[in-house]
Amino acid sequence: MHFLSEVLETYIQEHSEAEPKLLQELTRETHLKVVRPRMITGHFQGRVLSILSKLINPKYILEIGTYTGYSALCLAEGLRKTGMLHTIDINPELTDMQRRYFDQSGFGEQIVQHLGDALEIIPRLEQVFDLVFIDAEKLSYDAYFEAVLQRTTSGSIILSDNVLWSGKVVTPLDPKDKVTPILLNYNRKLKEDPRVETVLLPIRDGLTLCRVR
């Protein structure tokens, strides 16, 4: 769902930081070769992720849901020189494409790919993460959130994507819809959870920013 008119969305992009050329190439290849290319983060949200990461200047970043690697590259822009980004995805078909762009970006040695179930991988990670980006299977959002809380500290930032779910969070529920009720509960939980401070941002399909207390 487009929450703003196409004219306003274009104006916003034109008056925000330009999209790096490498990410333009990744977007093009994703649309040519990958199923459901609308899942890619995109120019405006990518620049939001980039500037948030630069403001935080994290040593360790965790991403759940790599897809073709666009958001990971945006987040990596804010890494410290000695920092590392761990990104988890369950689709083996995209691993080589991700790595090709990671290595072209200059952040290749700082990005660690993990293939498999995030709920099995996260407990095995030893790092304490300054910045986390959750953008994977929506039915598992609550479980992801609980898992990453165990790998964060006071002041860490947890971002959750697609929390407005094409506007379905404010429209009558379809009885067959299993995802929207999960997101409604998740959004309510983040608002009420005393372990975090929360603000839901109307960026693209909804981006929640939580600061761990």
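Show me the strands (runs of 3 or more DSSP E) entirely contained within segment 104-189 in which 2 or more residues are closer than 29 Å to Pro20 by Cβ and open to solvent by 10 Å² or more (accessible area, probe 1.4 Å).
Details: elements: 111-115, 131-134, 157-161.
Qualifying strands (runs of 3 or more DSSP E): 111-115.
Scan (1) open to solvent by 20 Å² or more (accessible area, probe 1.4 Å); (2) touching a helix residue (DSSP H, G or I) at 6+ places or on another chain (Cβ under 6 Å) for the single condition Leu8 breaks and write down its number.
(2) is the only condition that Leu8 fails.
Residue under question is Asp205, and the condition is that it be under 18 Å from the mean Cα position of the chain (by Cα) and part of a loop (DSSP other than H, G, I, E, B); does it hold?
yes
Going by the structure shown, is Phe129 touching a Pro at 6+ places or on another chain (Cβ under 8 Å) and under 25 Å from Phe44 (Cα atoms)?
Yes, satisfied.
For every residue, the table says whether it meets (1) out of contact with any Asp or Glu (no Cβ under 8 Å at 6 or more places or on another chain); (2) open to solvent by 10 Å² or more (accessible area, probe 1.4 Å); (3) within 18 Å of Thr95 (Cβ to Cβ).
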site: Arg38; (1), (2), (3): yes, yes, no
site: Gly42; (1), (2), (3): yes, yes, no
site: Val48; (1), (2), (3): yes, yes, no
site: Ser53; (1), (2), (3): no, no, no
site: Ile56; (1), (2), (3): no, yes, no
site: Ile61; (1), (2), (3): no, no, no
site: Thr66; (1), (2), (3): no, no, yes
site: Ser71; (1), (2), (3): no, no, yes
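Taking segment 90-102, which residues are open to solvent by less than 90 Å² (accessible area, probe 1.4 Å) and touching a strand residue (DSSP E or B) at 6+ places or on another chain (Cβ under 9 Å)?
Asn91, Pro92, Thr95, Gln98, Arg99, Phe102
For segment 77-89, indicate whether the set of residues that are open to solvent by 10 Å² or more (accessible area, probe 1.4 Å), assigned to a strand (DSSP E or B) and either of a type in the set (D, E, K, R) or under 26 Å from Asp205 (Cβ atoms) (or both) is non-empty.
Checked against the condition, which is being open to solvent by 10 Å² or more (accessible area, probe 1.4 Å), assigned to a strand (DSSP E or B) and either of a type in the set (D, E, K, R) or under 26 Å from Asp205 (Cβ atoms) (or both), segment 77-89 yields at least one hit.
The values are calculated or read from the model by the stated rules, or taken from the named source; none is laboratory data. What you are looking at is a predicted structure, and each value in this text was computed from that prediction instead of being measured. FYI the Cβ positions are ideal-geometry reconstructions off the backbone, even for glycines, and counts take in every protein chain you see. Accessible surface is based on the protein model in full, side chains and every heavy atom, while ligands, DNA and RNA are left aside. Shrake-Rupley method; radii C 1.70, N 1.55, O 1.52, S 1.80 Å.
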